Amino acid sequence: MAGSDQKLTAKLVLPDSKEATLPVVVGTEDEHAIDIRNLRQETGFITLDNGYMNTGSTASAITYLDGEQGILRYRGYPIEELAEKSNFVETSYLLIKGELPTPAERESFGRMLTRHSLIHEDMHQFFAGYPPTSHPMAVLSAMVTSLSAYYPDSMDRNSDVSIHITRLLSKVRTIAAFAYKKSIGQPLMYPKNSLRYCANFLHMMFAVPSEDYNVNPILEKALNQLLILHADHEQNCSTSTVRMIGSSGANLYAAIAGGILALWGPLHGGANQAVIEMLEEIRTSGGDGKQFIDDVKNKRGNRRLMGFGHRVYKNYDPRAKILKKMCDEVLQHLGVRDPLLDIAKQMEEIALKDDYFVSKKLYPNVDFYSGIIYRAMGIPTNMFTVMFALGRLPGWIAHWKEMVEDPQTKIGRPRQIYTGPRQRKYVPIDSRG
Ligand code: ACO
């Protein structure tokens with residue numbers, strides 16, 4: 001964890017000319033922050049930062065990202081290396097425990113995930129209660145909350161956290177696949193212990209009891225890579241939600257369910273679905289990307305180029321770079337020709353030469369190409385954000401764990417500047433109007 005550098009301070013001159021001297025905190029990658037924890041107590045001032053554009057909510061040792069340089073590292077390991085050489089289970093271990101596992105640790109972690117993949121039989125009835133049109137994110141978040149009802153010891157802050165972490169990592173995969181099966185009216189497929197994590201998920205998604213299903217190794221590798229690329233992204237909207245909920249002492253399942261809900265929005269994880277819908281719309285209206293870009297630039301209909309732009313990356317998102325290459329490779333291996341990929345590439349080419357996007361530093365983000373790969377894998381559009389949630393799960397868990405283990409953790413409670421009416425007298429209803 002970063003600590004206050006005793007030598008560095010910052011001076012703040014306030015409107016009444018009083019000065020406040022504030023400690024400076026330095027991270028391991030030489031990032032600097034002004035520690036304002038005592039500012040209000042000492043001066044009566046708070047800071048105001050809509051959307052937390054410039055506010056560090058915590059120090060964290062999990063993920064480093066440099067938006068200007070396009071760098072992303074989990075526990076110090078570059079995302080490019082992990083995507084190429086690791087698998088999702090190992091990367092989850094790394095994020096949650098802080099180090100890459102030894103062969104024995106990896107074997108035992110994988111075994112635990114395999115053993116905990118079933119959900120309580122009674123939970124199957126919940127799936128039956130949802131209409132077939134339900135969005136799988138609604139089902140997923142409700143089911144994850146429900147897990148806390150089946151494991152009430154999760155509400156005891158002294159209970160064994162590792163078993164809840166294992167359950168979540170394993171069962172969320174089962175729940176996600178069951179939600180899909182329910183939505184298409186097929187029988188739920190139980191997990192198979194002989195299969196590895198990602199292969200088991202593909203089996204639960206695509207197998208049917210009436211015939212054999214062999215997991216395509218290309219799909220298994222692609223899924224591992226996709227999940228690794230989504231596994232963590234430090235203090236984003238959903239991860240901050242997980243930390244915020246967890247800071248109140250709510251159990252792990254409740255905190256993760258909140259993260260799933262925050263992820264659902266189209267400005268966050270829901271963008272992968274929105275990208276495909278946008279590309280489909282462009283295709284059905286004649287494939288004229290230029291007109292769409294023109295609408296975006298002139299803010300007609302409040303449109304945005306979905307899958308472009310990022311709060312932190314002001315350079316090409318390193319994950320999008322990997323995904324673009326992967327997209328070509330996976331589609332080629334599977335023999336899939338998707339017209340949406342051509343439209344996406346055309347949109348990217350136009351945008352990257354256009355002053356509107358260049359001047360605002362808007363580049364493709366992780367969601368721009370991921371949906372096209374999921375489509376090629378046979379995953380339906382409304383499941384894309386669920387896939388994102390599956391990938392982000394170890395990151396959420398790692399942040400929750402880091403937070404509950406940190407003795408400095410306080411309940412999340414921002415302040416505000418009140419802009420409503422000053423005190424006034426209650427007016428009885430007869431005297432109003
Ligand atoms: N298309 C067109 N214009 C955009 C886009 C976009 N995708 N993104 C930002 N802009 C413009 C805004 O209109 C704004 O312009 P203005 O200054 O003329 O008003 C300017 O760029 C800054 O935009 P903000 O919304 O203030 O930037 P912020 O950092 O708050 O937003 C965000 C980041 C939400 C990701 C934004 O770029 C966006 O909406 N992108 C599209 C949705 C998307 O792809 N989300 C996924 C992000 S990755 C993830 O969460 C997993």
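The values are calculated or read from the model by the stated rules, or taken from the named source; none is laboratory data. This structure is a prediction, so every number in the text was calculated from the model and none was measured. Because the Cβ atoms are built from the backbone with ideal geometry, glycine has one as well, and the counts that use them run over all protein chains shown. The area values use the complete protein model at the heavy-atom level, side chains included, leaving out ligands, DNA and RNA. Shrake-Rupley method; radii C 1.70, N 1.55, O 1.52, S 1.80 Å.
Quick one: with all protein chains in place, what share of the accessible area of the stretch 30-179 is carbon or sulfur, to the nearest percent (1.4 Å probe)?
For the stretch 30-179, the apolar C and S fraction of the accessible surface comes to 50 percent.
Roughly how many Å is it from the Cα centre of the stretch 351-386 to that of the stretch 260-339, as a whole number?
3 Å
What is the distance in Å between the Cα centroid of the stretch 154-188 and that of the stretch 36-69?
Taking the Cα centre of each part, the stretch 154-188 and the stretch 36-69 sit 33 Å apart.
Given a cut-off of 26 Å, name the pairs among Lys85/Lys353; Lys221/Lys361; Lys97/Lys171; Lys314/Lys401; Lys324/Lys401; Lys221/Lys353 whose C-alpha atoms lie farther apart than that in the structure shown.
Lys85/Lys353; Lys221/Lys361; Lys314/Lys401; Lys324/Lys401; Lys221/Lys353
Semi-axes of the equivalent ellipsoid of the stretch 130-205: what are they in whole Å, largest first, if each equals the square root of 5 times a C-alpha gyration tensor eigenvalue?
24, 17, 8
Please enumerate, by chain and number, the aspartates and glutamates with C-alpha under 20 Å from the C-alpha of Lys345, excluding those fewer than 8 residues away in the same chain.
Leaving aside aspartates and glutamates fewer than 8 places away in the same chain, those within reach of Lys345 are Glu277, Glu280, Glu281, Asp288, Asp294, Asp295, Asp317, Asp328, Glu329, Asp354, Asp355, Asp367.
Between the stretch 388-402 and the stretch 5-24, how far is it from one alpha carbon centroid to the other, in angstrom?
36 Å
Using just the C-alpha positions of the chain as equal point scatterers, what log10 of I(q)/I(0) does the Debye formula give at each q in 0.06, 0.10, 0.14 1/Å?
Reported log10 I(q)/I(0), two decimals: -0.29, -0.78, -1.36.
Show me 49-60, 314-325, 346-357, 380-391 ranked by packing, highest mean number of other Cβ atoms within 10 Å first.
380-391, 314-325, 346-357, 49-60
Please report, ordered by residue number, every helix of the chain (full DSSP H runs) that is 27 Å or longer along its axis going by C-alpha atoms and whose mean Kyte-Doolittle hydropathy reaches 0.5.
161-184
I'm checking a number: the convex hull volume of the Cα atoms of the stretch 46-139, normalised per residue, in Å³. What is it?
Expressed per residue, the convex hull around the Cα atoms of the stretch 46-139 is 217 Å³.
In the chain, if the dipole is taken from +1 on Lys/Arg beta carbons and -1 on Asp/Glu beta carbons about the Cα centre, which of Pro339, Leu390, Ser17 is farthest to the positive end?
Final value for the positive-end residue is Ser17.
Heavy-atom accessible area per residue, the chain, 1.4 Å probe: how many Å²?
52 Å²
How long are the semi-axes of the equivalent ellipsoid of the stretch 82-240, defined as square roots of 5 times the Cα gyration tensor eigenvalues? Whole Å, largest first.
In descending order, the three semi-axes are 24, 21, 16 Å.
Can you tell me, using C-alpha contacts under 8 Å and at least 6 residues apart, the relative contact order of the stretch 255-382 as a whole percent?
With pairs under 8 Å counted, the relative contact order is 35 percent.
Please sort 120-130, 421-431, 135-145 by packing, taking for each peptide the average over its residues of neighbouring beta carbons within 10 angstrom, highest first.
Result, highest mean Cβ count within 10 Å first: 135-145, 120-130, 421-431.
Run the numbers on the chain and let me know its relative contact order in percent, using alpha-carbon pairs under 8 Å that are six or more apart.
It comes to 18 percent, rounded to a whole number.
Output needed: percent of Cα pairs per 10 Å distance bin for the stretch 1-160, bins running from 0 to the one holding the longest distance.
Percent of Cα pairs in each bin: 7, 20, 24, 25, 16, 6, 1.
Using only helices, what value at 222 nm comes out for the chain when you add -39,500 (n - 2.57) per DSSP H run of length 4 or more and divide by the total residues, to the nearest 500 deg cm²/dmol?
For the chain, the value works out to -16000 deg cm²/dmol.
What relative contact order, as a whole-number percentage, does the stretch 1-139 give when Cα pairs under 8 Å and 6 or more residues apart are counted?
Over the stretch 1-139, the number comes to 11 percent.
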